[in-house]
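The values are calculated or read from the model by the stated rules, or taken from the named source; none is laboratory data. What you see is a predicted model, and the numbers here were worked out from it, not measured in a lab. Note that we place each Cβ from the backbone using ideal geometry, even for glycine, and neighbour counts take in every protein chain shown. Protein only, heavy atoms only, side chains kept; ligands, DNA and RNA dropped before computing areas. Shrake-Rupley method; radii C 1.70, N 1.55, O 1.52, S 1.80 Å.
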Amino acid sequence: MAIDIRTLEERYISSCRRHHVLPNPAILAVLFKAKIKKTCHELCSLEISLDHLKETDFPPLLDLCMDLDASEIEAVDIHNESLYALDGNYALLLMHAINQKLRVVDLHDLSFGKDFLRDLSHRGLTCQVLTLRSSHFRKLNMMGEFMQIHTLNLDFSSSLTSFQEDCFTCMPNLMCLSLCDTRISNLWTTFAALSKLPSLVELRFQNWSCCNDVGPYSASSSGKSDDKTDSNQPNSVDYGGRLSINVGDVTNQNSSTEQGLRNLFLINNVVINDDVQGMAEDSSDDSDLDFSNPLQEHGSVELLSNVFAGGNIQVNPQNEASFDNLQNQNEEEPFEGVFTKHIGDVALTYISYHASPICFEKHYREYMIASLPHLRLLDNLPIRKIDQERAMIKFSEYFENLPYRRKHKENVVHMLQKREIRASQTHAQSHGQKTSNLYGKSQYFYTRSLCAAKMGSSAWPFLHPLSVSGSNLGGESRSFRPRQFEYHPSDSSLMVFGTLDGEVIVVNHENGKIVSYIPSLGAMNSVLGLCWLKKYPSKLIAGSDNGSLKLYDIHQMQSTIAGIYSGAGSVTFDDFDQLTSVHVNFTDELFLASGYSRDVALYDISSGRRLQVFTDMHQEHINVVKFANHSPSLFATSSFDQDVKMWDLRQKPIRPCYTSSSSRGNVMVCFSPDDHYLLVSAVDNEVRQLLAVDGRLHLNFEIASTGSSQNYTRSYYMNGRDYIISGSCDEHVVRICCAQTGRRLRDISLEGGGGSRSSMFVQSLRGDPFREFNMSILAAYMRPRSRSEIFKVNMLASSDYAKEHLDGQQACPTNSMGG
């Protein structure tokens, strides 16, 4: 026989005597309310507020919870509102003691210590609804068991930037997820994490709300769902202040997920009835946590959360056509902060509140609808069949699901087997044997297919900092501040980078060993220009921002253990003041230098002489100059006067071959490896591809701008000229786009390591010329005096590869000068 509530009360008072504490009036009141509910034949539940508990109240309360499984109590809800700093261990002990009858947990994470989230993530909870407002998660990894949870709310978690790959694998019944006002921005990793949720039907990254107070579409200004709603009713659970779900319907063990959805969805006071619903068809195991400034945003969060509450909109089934119009008022970008639609004679204005950065990605809504076909509501707005059809069209137009236009994911082992079969057939054909043409594809085809299969297996690339060491530095630990780098053109293991302190270091980037170290000796400031010679692969040109220009032979540049540098093996050229860029021509005979002037200087490498200075080539300074890859006389200049110009040394560059203009100042220009195209990068993500022959526009990559005039953008080719990579100094993301269609393949987000709240920002980047879908990124924190780092990225490697090759090392995944 179940223990009645009166007996529970008596046992609680008895336990208080044993622990020498007075019974907490709040606990007695909770038990009294439960008795009233039992008498009224309502759900018999306890609603425990942690705000009313002291640490001394927990021992008898835990004793009480041990009897709950055998009692009349059907459910227990736990919540807190204040910022009273209660020890998180007590809250965890209480929730685990309640066990299977724990229903709703609604907490301000600001109230608890850092161990609270780690323990919760590891051990899991048995609750059905979990709300952790203002949590300290930085990278979400809820690896414990959350088998009963159907609703998770992490709104206002302003430190949350990303997900661990398997963070949702232990939530098979999660149906509703809210992530408003977080820092999540990456479409690809977000989709990959959410795809592990088979029951997910409702997702929210922002709060679309109707702000009208006209006729039946009256907006509430209180921030509450319905003033007449009985807060004691067990079947109404507040979802982050504005989203309510009928828990009785959804959690009924005898009803399926679909049936629970058909009964009722109440989203932000937008009620969708049966008829309308029927139409809508880190390297460690811990979650990264951020406790850098826990109270900074709480006040504004509470204020903002009450600014607007959704507009009590009852969608009438008869208005299906009108609602369809509301969903698609703008063919290009239907959800950009505010939109207004007319239903009959009523004008409805919808406003987005608490949007996470991911909402500002171009075609965000279409991407999420196309990628998660089981979703029924996104950001409070229903998804219908016509929305899904339009989303698929938009997705195929602007996104590339797999590299090289592959339509379906293929198994890596299967692709390797097919390649081996083809190799054996080729061998047999060379001996005159007849073979079938079943696998008659080229090696090029299999290489691309293998890349697509590997990339399709994980959205999280293997990303880690380049760690540099070398015995030639006397075994001392050195910390370099790289400012520019270049891969070697013929040796796949070498890279050179120049530092903000004027050093030039050649490193084997495969093992991190220094090959050659050239100290500054006070002659150089920041190294902004680097270029290898092609016919003489041991030589390179280095230029600094104080105008110094030198040619080094790395075979003669081995520094002694003491770091003494003699200067032998180097050639000094005439200075070019305020230099930002150098580049050597195809034959290794000449190189060009540009900088904070409207001039370009031409140097002869063999003689060490400056041959000529071409003056007034642009109206403003020339940030980058580049020779063509296969023509020794053609070169392009990129200037902040918004022009890119092509020049020919054979015509004595007085007039350009042609001029192409951007709408903003140009930061970068480079030739495609075959010289067929010019890739032009202007301020704030204006990236265009031109035909090198005459400067006509071939492709505009249409990357969203930020509105910043200081967001200097740099773009380069990757995998030959198959893809381009683009990053900007005000953003922590590198975008990969197909160079033939402009479709976006992936975004790679950079995050500060070690639990740092600061993001890293892209200062420069290069595609690896020898490895497909590999690149290196020069990234820097935006904090003063913080050092920059070179990060290596392998988009084809899995997280298992990272664990195996880093041996426990933590992996991570600004100015206009130079390239």
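Has the range 46-66 got at least one residue that is over 25 Å from L22 (Cβ atoms), surrounded by fewer than 22 Cβ atoms within 10 Å (Cβ to Cβ) and touching a helix residue (DSSP H, G or I) at 6+ places or on another chain (Cβ under 9 Å)?
no
Going through G529, G456 one at a time, which residue ends up being at pLDDT below 75 and either open to solvent by less than 20 Å² (accessible area, probe 1.4 Å) or of a type in the set (D, E) (or both)? Full working, then the answer.
Working: G529 fails: at pLDDT below 75.
Going through G529, G456 in turn, just one is at pLDDT below 75 and either open to solvent by less than 20 Å² (accessible area, probe 1.4 Å) or of a type in the set (D, E) (or both): G456.
How many of the residues making up the range 126-135 are open to solvent by 10 Å² or more (accessible area, probe 1.4 Å) and of a type outside the set (S, T, Y)?
2
State whether one or more residues within the range 151-165 are modelled with pLDDT under 95 and more than 23 Å from P357 (Cα to Cα).
No.
Would it be correct to say that E55 is of a type in the set (D, E, K, R) and farther than 19 Å from K101 by Cβ?
yes
Could you list, in sequence order, the residues of the range 140-185 that are closer than 12 Å to F205 by Cα and open to solvent by 10 Å² or more (accessible area, probe 1.4 Å)?
F156, D181, R183, S185, listed by residue number.
Within the group T126, T131, which residue is outside any helix (DSSP H, G or I) and touching a Gly at 6+ places or on another chain (Cβ under 9 Å)?
Selected residue: T131, the only one of T126, T131 that is outside any helix (DSSP H, G or I) and touching a Gly at 6+ places or on another chain (Cβ under 9 Å).
Suppose the filter is surrounded by 13 or more Cβ atoms within 10 Å (Cβ to Cβ), part of a loop (DSSP other than H, G, I, E, B) and acidic (D, E); does E9 pass it?
Working: surrounded by 13 or more Cβ atoms within 10 Å (Cβ to Cβ): yes; part of a loop (DSSP other than H, G, I, E, B): no; acidic (D, E): yes.
For E9, the condition - surrounded by 13 or more Cβ atoms within 10 Å (Cβ to Cβ), part of a loop (DSSP other than H, G, I, E, B) and acidic (D, E) - is not met.
Can you tell me which residue in the range 189-214 is nearest to R746 (Cα to Cα), limited to those that are part of a helix (DSSP H, G or I) and open to solvent by less than 10 Å² (accessible area, probe 1.4 Å)?
Of all residues in the range 189-214, those part of a helix (DSSP H, G or I) come to 189-194.
Still in the running and open to solvent by less than 10 Å² (accessible area, probe 1.4 Å): 190, 193-194.
Working: T190: 12, A193: 15, L194: 16 Å.
Within the range 189-214, the match that is nearest to R746 (Cα to Cα) is T190.
If you take just the strands (runs of 3 or more DSSP E) that sit entirely in the range 702-748, which of them hold at least 3 residues that are of a type in the set (A, V, I, L, M, F, W, C), open to solvent by less than 30 Å² (accessible area, probe 1.4 Å) and at pLDDT 95 or above?
By residue number, 733-738.
Are there any pairs with C-beta distances below 8 angstrom linking a residue in the range 626-649 that is farther than 27 Å from S490 by Cα to a residue that is assigned to a loop (DSSP other than H, G, I, E, B) and basic (K, R), with the two at least 6 apart or on different chains, and if so which?
Hits for this filter: S639/R598; Q642/R664.
Against the definition (out of contact with any helix residue (DSSP H, G or I) (no Cβ under 7 Å at 6 or more places or on another chain), over 28 Å from S449 (Cα atoms), exposed (fewer than 14 other Cβ atoms within 10 Å of the Cβ) and modelled with pLDDT of 65 or more), how does D379 come out, yes or no?
No, not satisfied.
Is it fair to say R783 is more than 17 Å from N685 (Cα to Cα) and modelled with pLDDT of 85 or more?
Answer is no for this residue.
Hey, any hits in the range 154-177 for a residue that's in a helix (DSSP H, G or I) and either closer than 20 Å to H79 by Cβ or touching a strand residue (DSSP E or B) at 6+ places or on another chain (Cβ under 9 Å) (or both)?
no
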